[in-house]
Amino acid sequence: MSPPERGSELERLELELLLEAVWRHHGFDLRDHARPLLLRQLRRHLREERMENLSVLQGRVLHHAEALDGLLRALSGPPRPLFDDPGFFRAFRTRVVPVLRTWPSVRVWHAGCGSGEETYALAILLMEEGLWGRCRLYASDSSEGLLADARTGAVPLPDEEEARHYLEAGGRRALSDYYMRDGNWAVFARTLREGIFFTQHNLATDGSFNEFQVVVCRDTLLSYNRALSHRVHQRLYESLSRFGFLCLGRKESVASTPHAAAYEEMEDSGRVFRRVA
């Protein structure tokens with residue numbers, strides 16, 4: 001076996017040991033994450049933390065809680081800019097909001113919320129559409145560290161591109177109306193912060209915890225292998241009320257899942273599916 005092959009084989013072994021250690025010691029199941037993406041994320045994390053290899057990372061994760069939080073943050077990817085996908089939010093306003101207005105109350109679950117940027121963008125939209133007073137917005141992530149960041153309501157000060165995306169998404173005011181500036185940070189208004197219920201939830205291992213009219217889970221499924229993706233789709237399906245809406249990322253779909261026949265895709269909606277069965 002050549003040296004590159006030996007190195008690749010050793011890295012694969014280190015990876016499996018790391019994932020097993022995280023599962024056994026901390027209860028976080030990363031074993032069904034898609035390997036190519038997972039390895040890219042971990043290699044970047046090693047470079048940023050100046051660690052030599054995955055065995056060093058395993059030792060830190062087993063003995064230091066902050067190392068686990070750092071690992072989960074690394075696997076979540078970088079924070080998303082506000083209104084990062086204007087087309088989705090615009091479609092949500094035109095396709096989903098009119099239906100939500102016909103219901104006396106609305107429960108929304110944002111699964112895999114990270115540090116909350118997209119959650120707050122969704123909250124702004126619901127407020128502008130007059131739904132905030134009868135809406136309960138739940139946001140979940142597996143990383144308690146990211147959730148702690150999200151609960152503060154503080155995000156990097158939006159730049160001109162984010163302000164433009166807000167308007168392209170159908171925004172009706174100035175984005176700055178929703179936050180107070182604190183140096184290089186924007187702190188969202190209390191009415192937004194206090195209306196969002198951030199909770200720890202692991203899509204890989206935890207079951208459904210309520211019934212929702214809207215489930216938003218965008219670009220999270222891309223990091224899972226086929227088996228885990230199907231299990232997570234099962235949980236999302238179980239969490240969604242009949243005629244509720246499932247919002248996925250642009251590269252995601254229900255087409256190859258066991259529940260494909262239970263949904264119809266909303267026309268020109270940017271991956272919004274309605275449960276019809």
Inset, instruction - Can you tell me which residue among A255, A227, A261 is in the same structural domain as I124 (by the TED database), in contact (Cβ under 8 Å) with a residue 60 or more places away in the chain and among the small types (G, A, S)? - result: A227
Legend entry - Single unsatisfied condition, L19 versus (1) open to solvent by less than 30 Å² (accessible area, probe 1.4 Å); (2) in contact with a helix residue (DSSP H, G or I) (Cβ under 8 Å, 6 or more places away or on another chain): (2)
Legend entry - Members of segment 175-203 that are open to solvent by less than 60 Å² (accessible area, probe 1.4 Å) and either assigned to a strand (DSSP E or B) or in the same structural domain as R31 (by the TED database) (or both): Y179, A186, V187, F188, I196, F198, T199
Inset, instruction - State all residues of segment 211-231 that are farther than 30 Å from D159 by Cβ, modelled with pLDDT under 95 and open to solvent by less than 60 Å² (accessible area, probe 1.4 Å); if no residue qualifies, say none. - result: Y224, N225, A227, L228, S229, H230
Inset, instruction - Would you mention how many residues in segment 22-37 are outside any loop (DSSP other than H, G, I, E, B) and open to solvent by 40 Å² or more (accessible area, probe 1.4 Å)? - result: 7
Inset, instruction - Go through (1) open to solvent by 30 Å² or more (accessible area, probe 1.4 Å); (2) acidic (D, E); (3) touching a residue at least 12 places away in the same chain (Cβ under 8 Å) and name the single condition E52 misses. - result: (3)
Inset, instruction - Specify the residue that is nearest to A163 (Cα to Cα); the eligible residues are those in segment 179-188 that are under 22 Å from the mean Cα position of the chain (by Cα) and of a type in the set (A, V, I, L, M). - result: A186
Inset, instruction - Test each condition in (1) touching a His at 6+ places or on another chain (Cβ under 9 Å); (2) open to solvent by 10 Å² or more (accessible area, probe 1.4 Å) for P98 and report the one that comes out false. - result: (1)
Inset, instruction - Give me a count of the residues in segment 107-127 that are open to solvent by 10 Å² or more (accessible area, probe 1.4 Å) and either within 20 Å of G170 (Cβ to Cβ) or outside the structural domain of G249 (by the TED database) (or both). - result: 3
Legend entry - Search result, residues across segment 232-251 that are assigned to a loop (DSSP other than H, G, I, E, B) and open to solvent by less than 10 Å² (accessible area, probe 1.4 Å): G249
Inset, instruction - Quick one: which residue in R80, R60 is of a type outside the set (A, V, I, L, M) and more than 19 Å from the chain's Cα centre (by Cα)? - result: R60
Legend entry - Top-ranked residue of segment 128-161 - restricted to ones that are farther than 25 Å from L72 by Cβ and assigned to a loop (DSSP other than H, G, I, E, B), ranked as most open to solvent (accessible area, probe 1.4 Å): D159
Legend entry - R73 being touching a residue at least 12 places away in the same chain (Cβ under 8 Å), of a type outside the set (S, T, N, Q) and surrounded by fewer than 16 Cβ atoms within 10 Å (Cβ to Cβ): no
Inset, instruction - Scan segment 79-91 and give yes if some residue there is without any contact (Cβ under 8 Å) to a residue 12 or more places away in the chain and either farther than 20 Å from L248 by Cβ or surrounded by 15 or more Cβ atoms within 10 Å (Cβ to Cβ) (or both), otherwise no. - result: no
Inset, instruction - Mind listing whichever residues of segment 96-127 are outside any helix (DSSP H, G or I) and closer than 21 Å to R73 by Cβ? - result: H110, A111, G112, C113, G114, S115, G116
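The values are calculated or read from the model by the stated rules, or taken from the named source; none is laboratory data. Quick caveat: nothing in here was measured; it's all calculated off a predicted structure. Because the Cβ atoms are built from the backbone with ideal geometry, glycine has one as well, and the counts that use them run over all protein chains shown. The accessibility values were calculated without ligands, DNA or RNA, using every heavy atom of the protein model including side chains. Shrake-Rupley method; radii C 1.70, N 1.55, O 1.52, S 1.80 Å.
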